[in-house]
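No lab work stands behind these numbers, since they all come straight from the coordinates. Since we're looking at a predicted model, the values are computed, not measured. No Cβ is skipped: glycine too gets one built from the backbone with ideal geometry, and neighbour counts run over all protein chains shown.
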Amino acid sequence: MRGLLVTGTDTGVGKTEVSVALVAGWRARGLDVAAMKPAQSGVVAGEPSDADRLRRAAGEVDPPELVCPYSLRAPLAPAVAARLEGVEISLERVLACAAELSRRHAALLVEGAGGLLVPLTPRETYADLAVALGLPVLVVARAGLGTVNHTALTCEALRTRGLAVAGVVLNRTSAGADPSEPWNAAEIERLSGVRVLADLPHEPDPVRRAALLADRLVPAVQF
Ligand SMILES: Nc1ncnc2c1ncn2[C@@H]1O[C@H](COP(=O)(O)OP(=O)(O)OP(=O)(O)O)[C@@H](O)[C@H]1O
Ligand SMILES: [Mg+2]
């Protein structure tokens, strides 16, 4: 399987923003890439979910249930939200959807949920999913204080599982500078030996943000 799994150091760090920008940007430059969100939780009726946004970025050519086989209401880890709804997420079903999307397209981008060790099923985390898919992993992290520790921990967890780390993307979900920002990329590279591929600015306007992120990310992220 060719593609990328996008994880984060936490929930809300910008995985969807980065994923949508990459998928739309790659497609605009001629790469036939599909997008997948194996499980999403905290889905609110009437608001576009991560899967809706990814599917739109990927041209809405694949059925929603292939792009996101598990959509859950409670804003909890997918395995926990599923248990509350009496659903058991099956890794085999997720892998079958990913395989079908890979058959239909040249490449596949998979967005995780929260961070790497979030439980996807009663037995497996997103790290196990990455191993099963055999995809390199892109780590989206905060730009500010705390990110060196969170990012190094995530990279270490990837390495111990033999997973290829595609790189780190630093992102600014909130406005305002943090005194650690000028130092964090170099510290992450020194500690974890992983390259920081992009250092994204805060951009409140969604249209400008989409274009800016794609311009920064598409040349920087390879798989
Ligand atoms: N560079 C940025 N500038 C301004 N706002 C941003 C930026 N990146 C992300 N955001 C905002 O931060 C919020 C979280 O981003 P996003 O939904 O991509 O996070 P996530 O990691 O996918 O979260 P989840 O774990 O829920 O999937 C969103 O409201 C998004 O619009
Ligand atoms: Mg998301």
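If R0 is taken as 22 Å, the Cβ-Cβ distance between LEU91 and VAL61 corresponds to a FRET efficiency of 0.30. Note on VAL80 and ARG123: the model spin-label points, each 7 Å out from Cα along the C-beta direction, lie 2.2 nm apart. Shown here is the pair-distance distribution of the chain: with all Cα-Cα distances grouped in 5 Å bins from zero up to the longest one, the shares run 1, 7, 16, 20, 21, 17, 11, 5, 1, 0 percent.
With q set to 0.11, 0.17, 0.18, 0.24 Å⁻¹, the log10 of I(q)/I(0) for the range 1-107, from the Debye formula over equal scatterers at the Cα positions, is -0.33, -0.80, -0.90, -1.48. Return one number: the angle in degrees, 0 to 90 and rounded to the nearest 10, between the long axis of the Cα atoms of helix 181-192 and the longest principal axis of the Cα atoms of the chain. With both axes taken from Cα atoms, the answer is about 70 degrees. Averaging the sequence gap over all C-alpha pairs within less than 8 Å and six or more residues apart, then dividing by the number of residues, gives the chain a relative contact order of 27 percent. The C-alpha atoms of the chain define a longest principal axis, and helix 91-104 lies at about 80 degrees to it.
From its DSSP helices (H runs of at least four residues, each -39,500 (n - 2.57)), the chain gives a residue-normalised ellipticity at 222 nm of -13000 deg cm²/dmol. Scoring 175-187, 149-161, 102-114 by mean Cβ neighbours within 10 Å over their residues and listing the highest first yields 102-114, 149-161, 175-187. What whole number of Å gives the distance from the Cα centroid of the range 86-132 to the Cα centroid of the range 1-69? Centre-to-centre (Cα) distance: 13 Å.
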